[in-house]
1. Please compute the modelled spin-label separation between Ala11 and Ala167, points set 7 Å along Cα→Cβ, answer in nm with one decimal.
2. To the nearest 20 debye, what is the magnitude of the charge dipole of the chain about its Cα centre, counting +1 on the Cβ of each Lys and Arg and -1 on the Cβ of each Asp and Glu?
3. Please work out the FRET efficiency for the pair Ala195 and Ala328, using the Cβ-Cβ distance as r and a Förster radius of 56 Å; give the result to the nearest 0.05.
4. Mind pulling the per residue volume of the convex hull built on the Cα atoms of the stretch 198-330? Å³ is fine.
5. What is the ratio of the Cα radius of gyration of the stretch 1-61 to 2.2 N^0.38 Å, with N the residue count, to two decimals?
6. Please give the calculated 222 nm ellipticity per residue for the chain, where each DSSP H segment of at least 4 residues contributes -39500 (n - 2.57) and the sum is spread over every residue; nearest 500 deg cm²/dmol?
7. Nearest 0.05, what FRET efficiency do Asp34 and Val247 give at R0 = 30 Å with Cβ-Cβ as r?
8. At a Förster distance of 35 Å, what's the computed FRET efficiency of Arg292 paired with Ser158, Cβ-Cβ distance as r, to 0.05?
Amino acid sequence: MNADYLADLVASWRAWDWRAREDWLNRHPQFLVDLAGTTVHFAHLRSARAEAPALLVMHGWPHTFALQLDFAELLPDFHVVVPSFPGFGFSSPYADGPMTEHRLASTMHALMTDVLGYERYLTYGEDVSANVNDLLAGTYGDAVAGVIVTHAHFPSRSERRDLTDPAEVAFFARLDEWGSANGAYGHVQATRPDAIATALNDSPAALIAWLAEKLVEWSDTAPGDPRAVEARISRERILTEAMIYWVTESIGTSFRPYYEGADQPDPMPPVEVPASVHVQRHEGDYPESVARRFYHDIRAFERLEEGGHFTVAEIPAVMSDRVRTFAAGLGLL
């Protein structure tokens, strides 16, 4: 982020026709359901084929369900469910107890099965929903037909201390080095979430700076000019994310995974269901050996040629093709 780009974003936001974007959002059928101590908001894009496979598409931080909709639209041969995590956007936070990844997995599974009635479904997650994705596949294998992965499994910190493979040790050492220089946002959100949330809920300029910086830094774009992010995530989509956080005042509750349970659950059950693994470019050196120890039935493993942290938002056509190929291989299409 720099001052010029921030000023440009703020000016665009002030002049923006939000009602037109609101109409676009409202063309996606959306619902609320009281579930597991929260009110869950979700978009449900049903296929014209009643027998189409179901696909759960989860967001991470700092994005919302809206950033996943372009991807969902490319899958008319699926029943696609795009929820807002509790405390994000139009979903209320959990009313009692912490927002752990195990609890999120239980809530998402209940949404797909108890609420929507899908006996089997595919699942996809990224960022803070990556562990939820793995937990769904590892815990509810009787209902999860397969898991699509772009943020592949990381061993817990205690497990990493026992690694001996040089490539694995080097990968996690690189991540630790990166985090020490670039992880201040996460440390603040995990230790002083209410203080920073007060500032961000008070200033729309601060809010869009906090959000857009991560979209800029984590997307697969050339470094140097923050405007390059818009080749992957358009300005309209960036403004949509900021507006949803602003009108719902949910930035503070979006920090709860960091404060209450963002670290890797220890231990996590291995995944026995079929997995389709597509390593996004910011983790391009992720060791295949780690994936194969955790996902026991890998049907595809590749290192993507494009696409960063927000993978399905950045390269929706590429990833929709991958999902369709995976589902066809499982006999679901």
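1. So the label points at Ala167 and Ala11 sit 4.9 nm apart.
2. Computed about the Cα centre, the dipole is about 380 debye.
3. Values: r = 49 Å, r/R0 = 0.88.
Plugging the Cβ-Cβ distance into 1/(1 + (r/R0)^6) gives 0.70.
4. 144
5. 1.67
6. Numbers: 16 runs with 149 residues, N = 333.
Calculated from helices alone, the mean residue ellipticity at 222 nm is -13000 deg cm²/dmol.
7. Computed FRET efficiency for Asp34 and Val247 comes out at 0.90.
8. 0.95
Any read-out appearing in this document is the output of simple, stated calculations on the displayed coordinates, not a laboratory observation. If you're wondering where the values come from, they're calculated on a predicted model, not measured in any experiment. In this analysis, Cβ positions are derived from the backbone assuming ideal geometry, glycine residues included, and neighbour counts consider all displayed protein chains.
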